[in-house]
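**Student:** Have a look at this one.
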């Protein structure tokens with residue numbers, strides 16, 4: 001009988017994988033999913049899907065954010081982007097905020113390299129999913145940029161004076 005598989009390493013991510021970096025083909029799958037949802041349910045249906053993903057699938061992350069504050073937010077994004085192939089991302093943390101500076105988005109890069117037609121609102125998922133993740137943990141986010149490079153700023157709820165302007169998130173082309 002073979003020895004039992006080792007337990008997956010502890011992670012701040014909501015999933016466990018024995019590979020140090022994920023498979024980039026996943027980006028093709030999520031782009032296709034986003035396209036299907038938009039075609040079938042419209043843009044509001046797609047946004048509802050993103051919110052539900054943030055609230056349900058990422059619920060364990062929300063619990064960590066609530067317990068660990070902005071330090072847990074920074075730890076999550078560092079681990080997340082360390083596991084994403086082909087990105088160039090810097091995560092900076094202060095007492096008041098966490099800034100995720102995406103210089104090269106791994107998803108947009110992969111989709112372009114493989115000549116995929118990108119859902120124009122693709123970059124909005126970063127806002128809708130992250131905002132839903134932060135709702136129960138007292139964290140909110142603002143996203144600026146998109147189409148391959150953006151800045152995501154996370155802060156305690158109530159820190160931002162204006163709501164997210166979706167026009168600040170460029171369409172992917």
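Residues are listed down the side, and each one gets a yes or a no for (1) within 14 Å of the chain's Cα centre (by Cα); (2) at pLDDT below 95; (3) crowded, with 20+ Cβ neighbours inside 10 Å:
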{"site": "48", "(1), (2), (3)": "no, no, no"}
{"site": "79", "(1), (2), (3)": "yes, yes, no"}
{"site": "86", "(1), (2), (3)": "no, yes, no"}
{"site": "128", "(1), (2), (3)": "yes, no, yes"}
{"site": "146", "(1), (2), (3)": "yes, no, yes"}
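**Student:** Do we have residue 13 as assigned to a loop (DSSP other than H, G, I, E, B), within 28 Å of residue 109 (Cβ to Cβ) and either at pLDDT 75 or above or touching a helix residue (DSSP H, G or I) at 6+ places or on another chain (Cβ under 6 Å) (or both) here? It would help to see each step written out before you state the result.
**Tutor:** On the way: assigned to a loop (DSSP other than H, G, I, E, B): yes; within 28 Å of residue 109 (Cβ to Cβ): yes; either at pLDDT 75 or above or touching a helix residue (DSSP H, G or I) at 6+ places or on another chain (Cβ under 6 Å) (or both): yes.
Considered against the rule, which asks whether it is assigned to a loop (DSSP other than H, G, I, E, B), within 28 Å of residue 109 (Cβ to Cβ) and either at pLDDT 75 or above or touching a helix residue (DSSP H, G or I) at 6+ places or on another chain (Cβ under 6 Å) (or both), residue 13 comes out as yes.
**Student:** Within region 95-117, how many residues are more than 24 Å from residue 28 (Cα to Cα) and modelled with pLDDT of 95 or more? Even if it seems obvious, please write down each step before you answer.
**Tutor:** As a first pass, look at region 95-117 and keep what is more than 24 Å from residue 28 (Cα to Cα): 95-99.
Subsequent filtering for residues that are modelled with pLDDT of 95 or more retains 96-99.
Selection size over region 95-117: 4.
**Student:** All but one of (1) farther than 27 Å from residue 42 by Cβ; (2) surrounded by 15 or more Cβ atoms within 10 Å (Cβ to Cβ); (3) over 15 Å from the mean Cα position of the chain (by Cα); (4) touching a residue at least 40 places away in the same chain (Cβ under 8 Å) hold for residue 118; which doesn't?
**Tutor:** It fails just one condition, (1).
**Student:** So, in region 148-173, of the ones that are over 25 Å from residue 38 (Cα atoms) and either without any contact (Cβ under 8 Å) to a residue 60 or more places away in the chain or in contact with a helix residue (DSSP H, G or I) (Cβ under 6 Å, 6 or more places away or on another chain) (or both), which residue ends up surrounded by the fewest Cβ atoms within 10 Å (Cβ to Cβ)? Can you show your working first?
**Tutor:** Of region 148-173, the ones over 25 Å from residue 38 (Cα atoms) are 153-162.
Filter once more, keeping what is either without any contact (Cβ under 8 Å) to a residue 60 or more places away in the chain or in contact with a helix residue (DSSP H, G or I) (Cβ under 6 Å, 6 or more places away or on another chain) (or both): 153-154, 157-158, 160-162.
Details: 153: 18, 154: 25, 157: 11, 158: 8, 160: 14, 161: 5, 162: 7.
The selected residue is 161.
**Student:** Something else about it: From the set of residues in region 59-74 that are within 13 Å of the chain's Cα centre (by Cα) and farther than 11 Å from residue 136 by Cα, which is surrounded by the most Cβ atoms within 10 Å (Cβ to Cβ)?
**Tutor:** Per the criteria, the residue is 73.
The values are calculated or read from the model by the stated rules, or taken from the named source; none is laboratory data. These numbers were taken from a predicted model, which means no experiment stands behind them. In this analysis, Cβ positions are derived from the backbone assuming ideal geometry, glycine residues included, and neighbour counts consider all displayed protein chains.
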